[in-house]
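The values are calculated or read from the model by the stated rules, or taken from the named source; none is laboratory data. Treat the numbers as computed from the prediction; the structure is a model and nothing was measured. Methodologically, a virtual Cβ is constructed for each residue, glycine included, from the backbone with ideal geometry; neighbour enumeration extends over all protein chains shown. Note: areas computed on protein heavy atoms with side chains; ligands, DNA, RNA excluded. Shrake-Rupley method; radii C 1.70, N 1.55, O 1.52, S 1.80 Å.
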Amino acid sequence: MIRKNYCIPIIISVLAGTCIGLAVLLIQEKQNTSNSSYSIPVKVATPSVVNIYTQVAQKITLNNQKESKHSINLGSGVIATRDGFILTNHHVTQNAQSIVIALNDGRRTEAKLIGSDPSTDLAVLKINLSNLPNIKMGNSSKVSIGDRILAIGNPFGIGQTVTAGIISAKGRNSIGLNTYENFLQTDAAINPGNSGGALVNLKGELIGISSAIYSSTGGSQGIGFATPVNDALEVMTAIINNGEVVRGYLGMDAQKITQSLANNLSLPSNHGLLVNDITKESPAEKAGIEVGDIILEINNNPSQDPFKVRRLIASLKPGTNISLVGIRGQQSYQTDIMLEKQPTMQRINY
C-alpha cells in the first residue's frame, strides 16, 4: 500500500512564504534606509570633492610705505576627470600665487591653473596624482524643482561638510553675479568655503558647482546658487582645449520691452528688445545699431528675452554672420552683422 507524503508540499510552501516575506522585509528596510539616510550618495561623491587653499598677495600701506601681505583663501573643487582636471570657481583662484589641493583621502598637492572664465565664474585646475576618484556626472537638464540634493564643500575651512536640501528654482539669470547666469537655486546650506564644491543628486552624481549665496549676513539664509553641470562641462572642455572660452560678441546692451515700457516711452512696438547701450568700435556700432533701436528678430527668431539673446550670441563663433531685424523711429530695417571675439572681462552683455 502506497502512502502519499502530504508534509513535503506543506513544508515547501512554508519555506517559500518565509523567503518571500524576508525578501519583502529586506526591500522595505532598504527603502526606509534610503529615505532616512543620505549615506549612499555621500559615500559615492565625497571622495571626489577637494578643499582648495590659495595664497594671495595683497598690497597694503603701512607707515606711508607699500608692503605685500599674504593671506590664505579657502574654497572647494570637484575632481572631474581621472587624469586630474578639477572644476572650481573663478573667484576661488583669482589672483592666486599658489594653489594647494587637499584630497579627501589625506593627500595634498599643488595645482596648476589651466584657465579661468570670469563670465561664468568657473575655473579649471590640474593636479598630477595617481588613483584619482573622479566624480560621476549627472545631467542638469533632467533636474526638477523639488528634487532632493546634497551640497558638499569646505565651509569656513572646518573640513569637508555635507548639507541637504532641495532644488528651489532653475534658470535664475538675473542675480547680477555673472555675465552668463543660468543658476540652480537650492536651500541647502552653502557658506564661505563651499564655493566650487559639489551639488549632487541622491545617486551621488554631480549636477552643479556651488557658486554663491544670497545673504544679508554673510552666512547661509537658505538661498544658494550653483552653475548647472552641463554648463560647467562646456566651459571646462573649452578651457582644456583652448585655454579659454571663445564666445561671439555683438557689443550692445538691451532690455525687454513690456507693455508698460512701450506706453511710457511711446514706442512703436510692445515687444522686442530696446537697445540702451552700444560699445564703441563693436560689431553693433560698425553695423550702425543705435541706442533707442528696437530689435525684433535675430536669425529669424523673435528677440524678447535678453538673457536668451545673450546666450545665443555667446554660443556663436567669432566670424559668424547674424541677421538682425529692427525698428528705428517708425522705420523698420534689416542688417547683417559679423560677430567678433568677446573681449576678456567684457562688461556689455552681448
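Here are a few things to note about the model shown:
- Test: residue in the range 203-219 that is more than 30 Å from Ser168 (Cβ to Cβ), small (Gly, Ala, Ser) and surrounded by 15 or more Cβ atoms within 10 Å (Cβ to Cβ): no
- Only residues that are of a type in the set (Gly, Ala, Ser) and assigned to a strand (DSSP E or B) were counted in the range 153-175, giving 6.
- The residues on offer are Leu125, Leu150, Leu184, and the sole one that is in a strand (DSSP E or B) and under 12 Å from Val49 (Cβ atoms) is Leu150.
- Candidate set: the range 232-258, residues that are part of a helix (DSSP H, G or I) and touching a Phe, Trp or Tyr at 6+ places or on another chain (Cβ under 8 Å); chosen: the one surrounded by the fewest Cβ atoms within 10 Å (Cβ to Cβ): Ile240
- Filter result (in a loop (DSSP other than H, G, I, E, B), among the hydrophobic types (A, V, I, L, M, F, W, C) and surrounded by fewer than 20 Cβ atoms within 10 Å (Cβ to Cβ)) within the range 75-110: Leu103
- Among residues of the range 156-173 that are free of Cβ contacts under 8 Å to residues at least 40 places away in the same chain and over 11 Å from Ser76 (Cα atoms), those with a Cβ under 7 angstrom from a residue that is surrounded by fewer than 16 Cβ atoms within 10 Å (Cβ to Cβ) and polar (S, T, N, Q), sequence gap 6+ or separate chain, pair up as Ile167/Ser144.
- Selection within the range 155-181 - among the hydrophobic types (A, V, I, L, M, F, W, C) and out of contact with any Ser or Thr (no Cβ under 8 Å at 6 or more places or on another chain): Phe156, Ile158, Ala164, Ala169, Ile175
- Close pairs (7 angstrom Cβ cut-off, 6 or more residues apart or separate chains): open to solvent by 70 Å² or more (accessible area, probe 1.4 Å) in the range 41-67, modelled with pLDDT of 75 or more and not aromatic (Phe, Trp, Tyr) anywhere: Gln58/Ser71
- Scanning the range 259-271 for residues being part of a loop (DSSP other than H, G, I, E, B) and either of a type in the set (A, V, I, L, M, F, W, C) or under 28 Å from the mean Cα position of the chain (by Cα) (or both) gives a total of 1.
Residue by residue, here is whether (1) exposed (fewer than 14 other Cβ atoms within 10 Å of the Cβ); (2) of a type in the set (A, V, I, L, M); (3) within 29 Å of the chain's Cα centre (by Cα); (4) assigned to a loop (DSSP other than H, G, I, E, B) holds:
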| position | (1), (2), (3), (4) |
| --- | --- |
| Glu290 | yes, no, no, yes |
| Val309 | no, yes, yes, no |
| Ala314 | no, yes, yes, no |
| Lys317 | yes, no, yes, yes |
| Ser332 | yes, no, no, no |
| Ile337 | no, yes, no, no |
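- Residues that are out of contact with any Ser or Thr (no Cβ under 8 Å at 6 or more places or on another chain) and either open to solvent by less than 40 Å² (accessible area, probe 1.4 Å) or assigned to a helix (DSSP H, G or I) (or both), drawn from the range 293-307: Asp293, Ser303, Pro306
- Test result for Asp277, of a type in the set (D, E, K, R) and under 23 Å from Gly196 (Cα atoms): no
- On inspection, Leu113 passes the criterion of being open to solvent by 50 Å² or more (accessible area, probe 1.4 Å), in a strand (DSSP E or B), modelled with pLDDT of 95 or more and not small (Gly, Ala, Ser).
- Given (1) open to solvent by less than 30 Å² (accessible area, probe 1.4 Å); (2) free of Cβ contacts under 8 Å to residues at least 60 places away in the same chain; (3) of a type in the set (D, E, K, R), index of the condition Glu181 fails: (2)
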